[in-house]
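Beneath this line is the structure, given in C-alpha cells, with notes to follow.
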2 protein chains.
Amino acid sequence: MKEKDLRRSLSVLPIGTVMKLTDLTARQIRYYEEQKLVIPKRNEGNRRMYSLNDIDELLEIKDYLSDGLNISDIKKIYAERASKKVEEQKRLSKNLSDQEARMLLSDEIIKVSGLNPDDPSNNSTF
Amino acid sequence: MKEKDLRRSLSVLPIGTVMKLTDLTARQIRYYEEQKLVIPKRNEGNRRMYSLNDIDELLEIKDYLSDGLNISDIKKIYAERASKKVEEQKRLSKNLSDQEARMLLSDEIIKVSGLNPDDPSNNSTF
DNA sequence: AGTTCATGTAACTTTTTATAACATAAGACG
DNA sequence: CGTCTTATGTTATAAAAAGTTACATGAACT
C-alpha cells in the first residue's frame, strides 16, 4: 500500500503537536535530532515539521530510553536496521522489470515534490 | 474501524499546514469558519488546530465553490447530511444492547479526553 | 448605481519556535 | 570520593506564525 506510506511521510506537524502526541519536551525532541536519531524537515521559516513516521520513531526512542538503553545503543539498533534494509533492497532490485522501476521512480518524484492539491483523484488526502 | 476515526478526528494541524494541504489562503479558511462550515479546535494559545476530517471538509467546500455553489448552498447540503445522520442514529439505537451502548460511550470519552500517551497498547499512534 | 459575496490586505498583538548558553541530577569510573 | 558523561531543564533573545480587526475590492445581481 504505497499511498499510505506517502501520507505517513508527509511532514505536517509542528513541534508543539509532537510534544503532545509523544509526551516529550521540546528539549528532548531537539536533543534526539542533535544525536541524529530523528531529523525532521524544515519549513520555509526554519520551523521543524514532523511526519507520522517521525512520531513513531520518537515513541520508539522513548521506549528504548525508558528500558535503560542509551542514545548510542539506539543508534546501533538503527544502523542494524538500515543495513538490513539495504540488503533487502539489493535482493529486490534483482527482479525488477523496467516497468516496475519506472513506477517506483514516479513514487519518489511525488514524495519529493509534495502534494498535488489540484489532482481531482485525490478525493481524500489522507 | 473505530480507531481510524479517532486518528482522523485528532486536531493536530496548524493553519499553515492546512493552507499547503488545501491550497486555500488563511483568509478563506477563517471565512469558512466564520460561516460555520468548518470550526476547528483551538489550542491553549488560541491557535486553530485542524484534523484530517477538517481537511477533507475544506477540500469539499473548495470543490463546491468552484462548481458555482455559494456558502448558503453548501450549508444546506450539510444540513441535509446532518439530518440523515440523525435518522440513521435513531434507527441504529433501536437495537443497541446495554453492552454496546457502554462501549460507544467509552469511545466518546476517549475522543473528548484526547490521547493517552502512556497506554502501552498504543503501539503506533496513527 | 447600489448591494452582496468571497477574498485581499494592512496594522498590531500574542503565541510558538529557534538557537545558544549555562545548570544539574544520576551514573559510570578511575 | 571527585570527576566526567549523559540526558534534560532553564533562561534569554530573536524571528516566524497566527490571532483579531478594519478597510478595500472585483464580480455578480438586482
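What follows draws every value from the coordinates through simple rules; no lab data is involved. Quantities reported herein were computed from a predicted structural model and do not represent experimental measurements. Reconstructed Cβ throughout: ideal geometry from the backbone, glycine too, with neighbour counts over all protein chains shown.
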Scalar couplings 3J(HN,Hα) for the range B:71-86 by Karplus 6.51 cos²θ - 1.76 cosθ + 1.60 (θ = phi - 60°), nearest whole Hz, x for Gly and Pro, are 4, 6, 4, 5, 4, 4, 4, 5, 4, 4, 4, 4, 5, 4, 5, 4
Shortest first and in nm with one decimal, please list how far the B:E80 label point sits from its counterparts in the other copies (point 7 Å along Cα→Cβ).
5.8
Calculate the all-directions average of the projected area of the range A:21-67's alpha-carbon convex hull, and give it in nm².
3.3 nm²
Other-chain or far-sequence residues with amide H under 5 Å of B:Y50's (modelled H):
B:V12, B:L13
